[in-house]
1. Spelling out what I want: for every residue of segment 79-88, take phi, set θ = phi - 60°, compute 6.51 cos²θ - 1.76 cosθ + 1.60 (Karplus), and round to whole Hz; glycine and proline get x.
2. Sort Cys113, Cys22 by accessible area with a 1.4 Å probe, largest first.
3. Given the DSSP H assignment, sum -39500 (n - 2.57) over each helix run of at least 4 residues in the chain and divide by its residue total; what's the result at 222 nm in deg cm²/dmol, nearest 500?
4. Regarding the chain, what's the average projected area of the Cα-atom convex hull, expressed in nm²?
5. Please work out, to two decimal places, the log10 of the ratio I(q)/I(0) at q = 0.13, 0.14, 0.21, 0.27 Å⁻¹ from a Debye calculation in which every Cα of segment 250-311 carries one identical scatterer.
6. Quick check of the Kirkwood formula: for segment 159-219, what is the inverse mean of 1/r over all pairs of different Cα atoms, in Å?
7. Could you compute how much accessible surface Asp173 exposes when probed at 1.4 Å, giving the result in Å² to the nearest 10?
8. Could you compute how much accessible surface Asp447 exposes when probed at 1.4 Å, giving the result in Å² to the nearest 10?
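The values are calculated or read from the model by the stated rules, or taken from the named source; none is laboratory data. For clarity, every value in this text was computed on a predicted model and none was experimentally measured. Cβ coordinates were reconstructed from backbone atoms using ideal geometry, including for glycine residues, and neighbour counts include every protein chain displayed. All accessible areas refer to the heavy atoms of the entire protein, side chains included, with ligands and DNA or RNA removed. Shrake-Rupley method; radii C 1.70, N 1.55, O 1.52, S 1.80 Å.
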Amino acid sequence: MAENISPIIGIDLGTSNSAVTCFSQGQPQLINGAQGERLTPSVVGLDDMGNVLVGEAAKARLVSHPHLSIASFKRYMGTDKTFTLGDRQFRAEELSALVLRKLKADAEVALGCSVTRAAITVPAYFNDSQRKAVKAAGQLAGLEVERLLNEPTAASLAYGLADNNEQKFLVFDLGGGTFDVSIVDMFEGVIEVRASSGDAWLGGDDFTEAIRQWMMTLYPVLPSDNPTLLAELTYLAEDLKYQLSIQDLALAQLTYAGQEFSWELSSELFSECCSGLLSRLKKPVVQALQDAQFDANELDHVILVGGATRMPIVRQLATRMFGRFPRNELNPDEVVALGAGIQAGLIAEDRALDDIVLTDVMPYSLGIEVARRHGEKIEEGYFSPLIERNAFVPVSIVESFSTLHDNQSRIDIAVYQGEARRVSDNLLLDSMSISVPQRKAGEVSVDVRFTYTLDGILEVQCNISGEAATSTMIVEKAPGSLSPQEIAERLKQLDSLKQHPRDVPANRQLLAEAGLRYEQTLGERRQMIDHYTGLFEQALNRQDTRAIVTARDVLRQVLDQLDDGM
Ligand code: ADP
Ligand code: MG
């Protein structure tokens with residue numbers, strides 16, 4: 001690690017709880033708060049004097065002082081919703097910033113120095129504006145957000161995904177108010193979230209609520225509109241839930257209006273009270289597997305994340321659903337923060353981790369404007385996408401375009417973002433004009449290459465065939481956030497992606513081998529080689545890294561099988 005550089009912290013900014021970590025001695029380490037707390041409830045409130053409270057102190061007043069406490073604001077990141085606290089209005093990112101500021105302060109005490117850089121986790125399904133809001137929250141808290149990291153990716157890092165090539169994980173994350181299922185895959189050193197699904201309104205707090213309802217039905221004399229009583233019952237219900245995570249029978253007692261009330265809840269009864277909630281956990285799992293086109297048997301591990309997976313009834317359900325024991329050696333509510341700490345170490349260029357590339361999914365398509373010839377007529381204004389929505393980032397794609405007019409002297413490259421067929425309905429990002437040798441229409445062709453980095457930098461390179469010179473244009477998603485040097489560095493890292501997959505030696509070799517075997521064989525075998533070679537060629541032409549790897553493996557297998565059978 002370079003000297004004199006401020007340490008980077010990892011942060012899990014959760015809907016219910018947040019946590020902070022750092023990377024030291026080759027390991028991510030959880031940083032405790034001033035009161036020794038592992039987690040900081042993501043709750044902000046005001047005390048009776050009007051002072052801002054963050055964390056445990058604010059959570060304690062959540063039910064008793066609902067007008068002076070706000071929780072679960074993460075759901076509203078990236079929206080214009082405002083929350084009123086006393087006589088002030090807050091946006092979700094301002095509330096998040098207060099939580100981040102507390103975590104930053106805890107880290108500064110623990111590390112004994114000022115902390116200004118962080119890696120923060122976000123749900124895999126967060127869109128661009130939600131991610132921007134998290135970055136803005138970081139900035140408000142005085143933190144430079146070096147990287148946003150998907151929560152399931154962080155969980156997989158914590159479980160050592162980075163230590164092995166080729167692994168598939170299902171991350172089952174049941175937090176306080178949200179349920180997220182993600183399928184994470186590592187191949188050739190690239191970690192990807194292949195699919196994510198979930199239920200935005202299902203979490204551990206619903207189990208507490210189910211217990212509270214059960215408590216009330218047992219004693220109908222208890223009024224349901226007394227806030228203090230409600231707060232007390234919620235507290236007791238949560239306590240019963242926690243007890244059942246370590247024993248089979250839980251007890252609670254309450255004195256109200258001079259009367260004694262008591263409850264005895266068994267695991268079995270709890271399971272019955274929550275049967276509806278438990279069955280809602282199944283659908284997102286099936287959906288995620290379907291979207292990723294994976295079979296549950298292909299998964300190397302199922303990992304449990306989120307405090308609510310401490311409930312034995314949830315663990316049992318997961319074990320039954322997957323026919324195996326899920327991984328849970330790490331504290332489920334710390335896993336994401338630990339992964340963020342690994343990411344922090346990665347950014348600090350700690351040697352132990354420098355081979356990992358993290359990917360993201362492209363939120364929209366990027367392409368250029370093209371004209372089309374309809375007989376004699378030329379119609380302008382069509383969108384030709386180069387990088388398509390949902391492509392894995394980082395990515396580099398090249399396509400060829402040719403001149404439309406005789407003696408055309410320039411080609412305009414106008415870069416658009418969007419999904420519409422006509423560029424007028426998309427967003428113009430930037431454009432450039434390059435001069436081309438004057439020839440007959442169609443005789444001059446230009447290779448246009450789009451390279452998109454994890455930081456949201458788009459590099460457009462145009463190369464007239466037969467000429468050495470390349471014209472380059474850089475389009476930034478968040479202009480000014482990186483220096484020209486940093487941009488150059490980020491793009492340099494992607495140089496290896498810029499070779500057309502057809503030209504990658506391993507691919508060329510396999511094609512040559514397949515061609516040779518085609519010549520040597522006859523009949524059905526020959527057809528089979530032809531078929532799988534075709535699929536491989538198609539994938540190469542599409543420059544789709546994932547499809548290439550899959551098609552390559554299949555073709556390899558087909559050739560090997562033919563060898564065995566001979
Ligand atoms: P989030 O990721 O949504 O911020 P967490 O992962 O911290 O939240 O999970 C919080 C939820 O986990 C709460 O509903 C809490 O009651 C529940 N929880 C935490 N510990 C336990 C436990 N020991 N037994 C049962 N539930 C627990
Ligand atoms: Mg969480």
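1. Using θ = phi - 60°, the values come out as 10, 8, 4, 10, 10, 9, 9, x, 9, 10 Hz.
2. Final ranking, largest accessible area leading: Cys113, Cys22.
3. Numbers: 15 runs with 191 residues, N = 566.
Counting only the DSSP helices, I get -10500 deg cm²/dmol.
4. 33.7 nm²
5. -0.60, -0.65, -1.01, -1.16
6. On the way: mean 1/r = 0.0730 Å⁻¹.
This gives a value of 13.7 Å.
7. 20 Å²
8. Rounded to the nearest 10, the figure is 50 Å².
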